[in-house]
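Working notes, beginning with the structure itself.
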Amino acid sequence: MRPKIVLFGDSITEASFDVGGWGAALANCFCRTADVVLRGYSGYNTRWVLKVLDRVFPLKSQTQSLSLASPSNVVAVTLFLGANDASLPDRSSAFQHVPIAEYHQNLLAIIAHFKALWPCTVILLITPPPIDEDGRLRYPYGENPSGLPERTLESAKAYATACLEVGREACVPVIDLCSKMQSTPGWEKLYLSDGLHLTAEGNRVVFEEVVEALQKEGVSPEKRTVDLPLLSEMDPNDPLKSFQLLP
């Protein structure tokens with residue numbers, strides 16, 4: 001069975017299979033060597049994710065779909081949460097807020113669940129992206145009577161730091177997307193469409209960072225075999241011979 005790469009996170013993951021999305025690009029990158037499985041839940045924070053984690057990824061294999069419970073079948077999983085946790089507790093998206101200490105512990109619990117389910121799978125953390133506060137004011141989620149952004153760059157950076165700390169504590173690799181994006185002048189509008197979600201360029205950055213991080217962990221298309229013969233491998237005089245040689 002073709003191995004799988006699972007993408008798990010909030011709306012930035014859910015939208016990753018949209019046109020130009022980083023998940024779609026990853027699926028194209030690994031075409032014929034691994035299936036990229038999308039598990040994105042728009043608006044979710046780590047507290048909500050923990051409530052449904054065993055439903056999405058049951059530890060009991062007989063209830064799991066897509067053979068995701070097979071330890072050898074999932075080669076990598078991305079964990080991309082925190083943008084909603086970082087909503088400020090006194091503004092319009094307060095219902096999504098999770099205190100930073102709880103966010104830290106929730107990430108550790110999610111990682112522990114993945115390690116129990118897939119002991120040999122690469123778990124790749126991604127920090128929440130930076131926030132363009134002007135963009136959030138231009139594109140608010142719902143009513144915003146305060147006239148203040150429900151997320152701030154300062155808060156996003158604090159949660160990104162917590163995510164990096166979790167990576168060190170759990171010994172899993174982390175993509176510091178927050179710092180990576182801010183290193184480019186004009187990142188606010190170049191990478192973010194509404195102050196939070198990704199533009200095409202923002203998706204490209206995530207895709208490139210994920211591919212590079214997976215390569216460092218030994219997960220790359222070049223190191224995997226295709227599951228059926230390539231056209232270039234077939235004998236034009238006897239194409240069916242290639243299928244007769246399959247194990």
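The values are calculated or read from the model by the stated rules, or taken from the named source; none is laboratory data. Everything numeric in this text was worked out from a predicted model, so none of it was measured. Heads up, the Cβs are rebuilt from the backbone with ideal geometry, glycines too, and the neighbour counts pull from every protein chain shown.
Before moving on, here are some points about what is shown:
- Restricting the stretch 1-49 to residues that are of a type in the set (D, E, K, R) and farther than 20 Å from A86 by Cβ, the residue that is surrounded by the most Cβ atoms within 10 Å (Cβ to Cβ): K4
- Flag if Y159 is in a helix (DSSP H, G or I) and of a type outside the set (G, A, S): yes
- Matching residues, the stretch 231-244, being free of Cβ contacts under 8 Å to residues at least 12 places away in the same chain and not basic (K, R): L231, S232, E233, M234, D235, P236, N237, D238, P239, L240, Q244
Each row is one residue, and each column tells you yes or no for (1) surrounded by fewer than 15 Cβ atoms within 10 Å (Cβ to Cβ); (2) free of Cβ contacts under 8 Å to residues at least 24 places away in the same chain; (3) among the β-branched types (V, I, T).
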{"residue": "A170", "(1), (2), (3)": "no, no, no"}
{"residue": "L196", "(1), (2), (3)": "no, no, no"}
{"residue": "T199", "(1), (2), (3)": "no, yes, yes"}
{"residue": "N203", "(1), (2), (3)": "no, no, no"}
{"residue": "E209", "(1), (2), (3)": "no, no, no"}
{"residue": "V219", "(1), (2), (3)": "no, no, yes"}
{"residue": "D227", "(1), (2), (3)": "yes, no, no"}
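- Qualifying residue in the stretch 176-186 (condition: closer than 25 Å to I111 by Cα, among the hydrophobic types (A, V, I, L, M, F, W, C) and not in a helix (DSSP H, G or I)): no
- The set of residues in the stretch 76-117 that are among the hydrophobic types (A, V, I, L, M, F, W, C) and under 14 Å from F8 (Cα atoms) comprises A76, V77, L79, F80, L81, A83, L107, I110, I111, F114.
- Residue in the stretch 91-107 that is surrounded by fewer than 21 Cβ atoms within 10 Å (Cβ to Cβ) and aromatic (F, W, Y) present: yes
- Some residue of the stretch 191-205 being closer than 27 Å to N106 by Cβ, under 16 Å from the mean Cα position of the chain (by Cα) and of a type in the set (D, E): no
- Identity of the residue in the stretch 172-194, of a type outside the set (A, V, I, L, M) and either touching a Leu at 6+ places or on another chain (Cβ under 6 Å) or within 22 Å of I123 (Cβ to Cβ) (or both), that ends up surrounded by the most Cβ atoms within 10 Å (Cβ to Cβ): C178
- Criterion violated by E165 - all others in (1) buried (at least 17 other Cβ atoms within 10 Å of the Cβ); (2) under 30 Å from V6 (Cα atoms) satisfied: (1)
- Qualifying residue in the stretch 113-123 (condition: polar (S, T, N, Q) and farther than 30 Å from P3 by Cβ): no
- Checked against the criterion of being farther than 21 Å from D85 by Cα and modelled with pLDDT of 95 or more, the candidates C163, C178, C171 yield just one match: C171.
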